[in-house]
Amino acid sequence: MPNVISVLRIAGSISLLFCDVAGLPFWVVYALCGISDMVDGWLARKLHAETKAGAILDSVSDIVFVACCAISLLSVLEIPMWLWIWAGVIVIIKIVNQISALVVFKRFCFPHTLANKLTGLLLFLAVPAVFCTVTPISIVAAIATFAAVQEGHYIRKKQELYNPN
């Protein structure tokens, strides 16, 4: 069941690309995708259905959700250049982390750290506020930077924080 929720989040995320950002359908689907991100992990733990494949699927659905939201929202938002640069630095750190994971583990690795989970939650909550001010997203960027650096540290120290089965 948790994997079904993750797959539905991917489908919902892609549907955001076809919704008007100013319309209610966009924000309803956005809310459902965000809530489903919290529910699938909780449900997997509750049902003792945690798997590596499920963790990867959850991470992939998170990436698809963020990418689809970015594609939809960035065309209507005015983001300062310094925030674009900061986001680019975070992306570069994440890419380096995945290259490190390929070297260390011979596969991609998406540690489900508390900082990564907090980043996801705060990003979900901060996105609607970006229409008024960049302050909430700046706070999220700071936490995301820490999460990305911490993730890289764990990968390079050959520690997997999520290793069921």
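The values are calculated or read from the model by the stated rules, or taken from the named source; none is laboratory data. What you are looking at is a predicted structure, and each value in this text was computed from that prediction instead of being measured. A quick note on method: Cβ atoms are made from the backbone with ideal geometry, for glycine too, and the neighbour counts reach across all protein chains shown.
Okay, here's what the table says:
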| quantity | calculated |
| --- | --- |
| Output for region 68-86, where each listed residue is small (Gly, Ala, Ser) and either under 12 Å from Ser15 (Cα atoms) or at pLDDT 90 or above (or both) | Ser72 |
| Pairs with Cβ under 7 Å, 6+ apart, first in region 46-63 and more than 18 Å from Thr113 (Cβ to Cβ), second outside any helix (DSSP H, G or I) and at pLDDT 80 or above | Leu47/Met1 |
| Residue in region 78-87 that is in contact (Cβ under 8 Å) with a residue 40 or more places away in the chain and farther than 22 Å from Lys117 by Cα present | yes |
| Among (1) farther than 18 Å from Ile137 by Cα; (2) part of a helix (DSSP H, G or I); (3) out of contact with any helix residue (DSSP H, G or I) (no Cβ under 7 Å at 6 or more places or on another chain) - the single one His48 does not satisfy | (2) |
| Per-region count, region 129-148, residues over 26 Å from Gly54 (Cβ atoms) and modelled with pLDDT of 85 or more | 8 |
